[in-house]
Amino acid sequence: MNDRSDAPLAGLDPFDLLDAEADRLDALFTGLDEAGWLRPSRCAGWTVRDVLAHLAGEEMYNQACLAGHVDELFETLEREGVTGGYTDFNEWCVRRRRGLPVGEVLREWREKNGDTRRRMRERGRQAMLQTSAGPYPVGLQTFHYASEYATHADDVGAPVADEEADGRLAWRARVGLFALREQGVDARIEPTPEGLLVYGINGGEAMMTRREFVEATVGRLPDDSPIPAELRSTLRVLA
């Protein structure tokens, strides 16, 4: 049974987390030269510039949620021939910005994302937001946005200071635990001195580091990871 209890997230401020990850991305983007923009990211087939285009395009959805116009957005996308779900939407967002000056795309993302973050914070954690899955708490949606931004920051190699690395990994693991519970995934996670013991997947179990667990939840484990493919698929709840 799905459980939307945010107990695993107690004590975390989703708005501060999202602001920090947006700032991290912005700091990286600000310092890039042409070669940096064209560098491959961890997203298959996407350069760093494409990741920026994805983030800018995603604001169409984020702002439609805030305006209560999600249905109207999907109608617009259908008229544009975007009918393949989020994968098709993401590729369309990237494709339609490839011919634009990168500075223009960066300004678009900064302005719209800044507006989204401000309005989400103003509404507050307990307010409800229209989403493609129906009404959803603003605070929980912000945790999802923060997780995605952290994932994309890693995708493009945005630096993480040593003093913040452990805390960042900890909150991301907690968001992953929440997402597993929310989606009713049949898995149990127990902390151990060595890492996280994951079991209940068809009777199997695996010992994972916290980093491996976070990377599994966002679909970023490397191909040569020893984590079984079935377990990877089960834990992928934030990508």
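None of the figures in this text is laboratory data; all of them are computed from the coordinates on show. Worth saying up front: this structure is predicted, and the values here are computed from it rather than measured. Here Cβ is always computed from backbone atoms with ideal geometry, including for glycine, and neighbour counts include all displayed protein chains.
Remark: the MET128-ARG95 segment gains 8.7 nm on full extension, using 0.36 nm per residue and subtracting the alpha carbon distance. Using the Stokes-Einstein relation with a Kirkwood hydrodynamic radius computed over Cα pairs, the translational diffusion coefficient of the stretch 1-134 at 4 °C and a viscosity of 1.567 mPa s comes to 79 µm²/s. In this Cβ point-charge picture (+1 for Lys and Arg, -1 for Asp and Glu), the chain has a dipole of about 280 debye about its Cα centre. Round to a whole angstrom and tell me the spacing of the C-alpha centers of the stretch 105-172 and the stretch 19-98. Value for the Cα centre distance between the two parts: 14 Å.
The GNM of the chain, with springs linking C-alpha atoms under 10 angstrom apart, assigns the highest mean-square fluctuation among CYS65, CYS43, CYS93 to CYS43. Largest GNM mean-square fluctuation across ALA35, ALA53, ALA206, computed for the chain with C-alpha springs under 10 Å, falls on ALA35.
Counting only Cα atoms, the size of the chain along its three principal axes is 49, 40, 35 Å, in decreasing order.
Here the Gaussian network model covers the chain, with springs between Cα atoms less than 10 Å apart; of PHE143, PHE29, PHE74, PHE74 fluctuates the most. Reported value for the stretch 41-85: 84 Å³ per residue, from the convex hull of its C-alpha atoms.
Can you tell me the orientation of helix 14-30 relative to the chain, as the angle in degrees between its alpha-carbon axis and the longest Cα principal axis, to the nearest 10? It is inclined by approximately 60 degrees.
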